[in-house]
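The values are calculated or read from the model by the stated rules, or taken from the named source; none is laboratory data. This one's a predicted model, so the numbers in the text were calculated from it and none came from an experiment. With ideal geometry, Cβ positions are generated from the backbone for all residues, glycine too; neighbour counts draw on all protein chains shown. What goes into the accessible areas is simple: the full protein's heavy atoms, side chains included, and nothing from ligands, DNA or RNA. Shrake-Rupley method; radii C 1.70, N 1.55, O 1.52, S 1.80 Å.
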Amino acid sequence: MAAVKDPLRLLVELLQKVPGMGEKSATRMAYHFMKAPAQEVLGLAEALRRLKAEMRECEECCDVSFRSPCETCANPKRDPAVICVVADSSHIKPLERSGAYAGVYHVLHGTLSPMENVGPEQLRIAPLLRRIEGRPVCEVILAINPTMEGETTMLYLMDLLKDRGLRVTKLPVGLALGSDIEYTDHETLGKALRDRVQVSSRAT
Amino acid sequence: MKSIATEAVVLRRTPFGESDLLVGLFTRDLGVLTTIAKGARRSRKRFGGILDTLARLNVLIETRRANAIPLLAGASLVDFGLGLRSSLDRVAIAYYMGELVWRGTKPGVRLIELYEAFVQALDRVASDGPMPRTLAEFLLRYQQALGYRPKLDACALCHAPLAVAAEVAISYRAGGVLCPACVPSAEVNLRLPGRAVRSLVEIRAQGDRRPTDHALEDWSAAADWPALRHFLHRFTQYHLDVQPASWRWWQRLIDA
């Protein structure tokens, strides 16, 4: 007969698989569930079950959503001619918080990583191209982290999107609001200087 | 506890635990090693955004117990490698060289000459230097540093000096070029134009002397680069049993 695992230990083991969750936090959480009202815990279990059963990728933007097309893609107030490409679903929320964007999104679900053998096939690049070919899109904004993997992904996309009659833009790299020049690294400062913007024209 | 200050290039970054980052480094004084950057993902105060792949840093590494992962106690930026990010080719070559270092060298083994070769090659690739020659130089120095230097100026089997020829046979198993007399008794893996082999000998003879940009542009073997690239890669793969994922990625770019 197979040995039955202690449910507390099993839960700690499973929780540790959550990204960013160490043994201490997993144990703390498991004890919390043990003490919490049964209704609350069963509600969480049901939410997890529904998450697996009902969440899917939006057929338009590849973001995970309860319905397809997702709320953003189905919103008539959003401009479908401007697509903001992000590496991960979690990057949409901060961009929305900025209040500066009214277009739609496309989620790649990762970045290219040659050393980890993550190529274009592993990302949602083909759906992006299909989307661009099928609809009148005027601008693609690349809002991907400026890490080496992120920049590699942007270079790859820029190469794919050139000659398609699109405006392709990317978020500039430079000083963060409230930061201090004295404590900013020289490469970021150099990039900020090279990409400086004109604020007034020379007096004649 | 022992603290070591050295220069290093970041080769790998892997999230670890709740807020830490495992950072794979190729250091000047300690070879390749994996360090742990505590809290690097939670707070940007200590490291900012500088722990990025292929960034060159001055690092402070603290070793604690014998089997514990060394602690990355501090880091400051030397070069972020922004020039590498100007084209996919440059990125692909930089990743390829980095992966060879990571997979082909033993952790903790000091390889200063290879470190210098790697950093020089990254600089040249980042600063618009011609990439084929830079990569050929790096691969030759890589093979030499790891003890698998291919014999190119004399037969790898009978050691007879190589006569000028239009085509030269190569055997990975024998360890380099073959003279016509030894070809029938050896396993020949490929044949290279004689001028391409001579250009590799010339590159190696120049040693650490940094050629001028003019010399780089005039590299006589540029036309033979696809064959040379194939040879240098396969020879490395045969002797070091390294199959870099980034090579396949780069090949896809070339094919596209």
Segment B:2-79: D in µm²/s via Stokes-Einstein (Kirkwood Rh, Cα pairs, 10 °C, 1.306 mPa s)? 131
Quick one: work out Rg over Rh on the C-alpha atoms of segment A:111-150, Rh as Kirkwood radius. 1.04
For chain B, what's the relative contact order in percent, using C-alpha pairs closer than 8 Å and at least 6 residues apart? 15
Distance (nanometres) between label positions extended 7 Å along Cα→Cβ at B:Ala160 and A:Arg50: 8.3
Determine the per residue accessible area of segment B:2-79 with all protein chains present and a 1.4 angstrom probe, expressed in square angstrom. 44
Roughly what angle does helix B:194-206 make with the longest principal axis of chain B, taking Cα atoms, 0 to 90 degrees, to the nearest 10? 50
Nearest 10, in degrees from 0 to 90: the angle of helix A:23-35 to the longest Cα principal axis of chain A is 50
Rounded to one decimal in Å, the inverse mean reciprocal Cα-Cα distance for segment A:76-170, i.e. its Kirkwood radius, is 13.6
Heavy atoms of A:Thr147 accessible to a 1.4 Å probe, total area in Å² rounded to 10: 40
Measuring from the longest principal axis of the C-alpha atoms of chain B, the long axis of helix B:88-104 (C-alpha) lies at a number of degrees, nearest 10, equal to 80
Per 10 Å bin, what percent of the C-alpha pairs of the protein assembly as shown does each bin hold, from zero upward? 4, 16, 23, 23, 18, 11, 4, 1, 0, 0
Across A:157-163, the residue-averaged tally of Cβ atoms belonging to other chains within 10 Å stands at 1
Of the cross-linked pairs A:Lys35/B:Lys38; A:Lys52/A:Lys77; A:Lys52/A:Lys93; A:Lys170/A:Lys191; A:Lys17/A:Lys170; A:Lys24/B:Lys106, which ones have a Cα-Cα span greater than 23 Å in the structure shown? A:Lys35/B:Lys38; A:Lys52/A:Lys77; A:Lys17/A:Lys170; A:Lys24/B:Lys106
Estimate the FRET efficiency between A:Gln122 and B:Ile69 by the formula 1/(1 + (r/R0)^6), using the beta-carbon distance for r and 35 Å for R0, to the nearest 0.05. 0.80
Note to self: C-alpha centroids of segment A:114-179 and segment B:58-120 sit apart, in Å, by 27
Accessible area of the protein assembly as shown with a 1.4 Å probe: how many percent of it is carbon plus sulfur? 53
So how much slack lies between A:Val173 and A:Met29, counting 0.36 nm per residue of separation and subtracting their Cα-Cα distance, in nm? 48.0 nm
How much of the DSSP bridge set in the protein assembly as shown is antiparallel, in percent, rounded to the nearest 5? 70
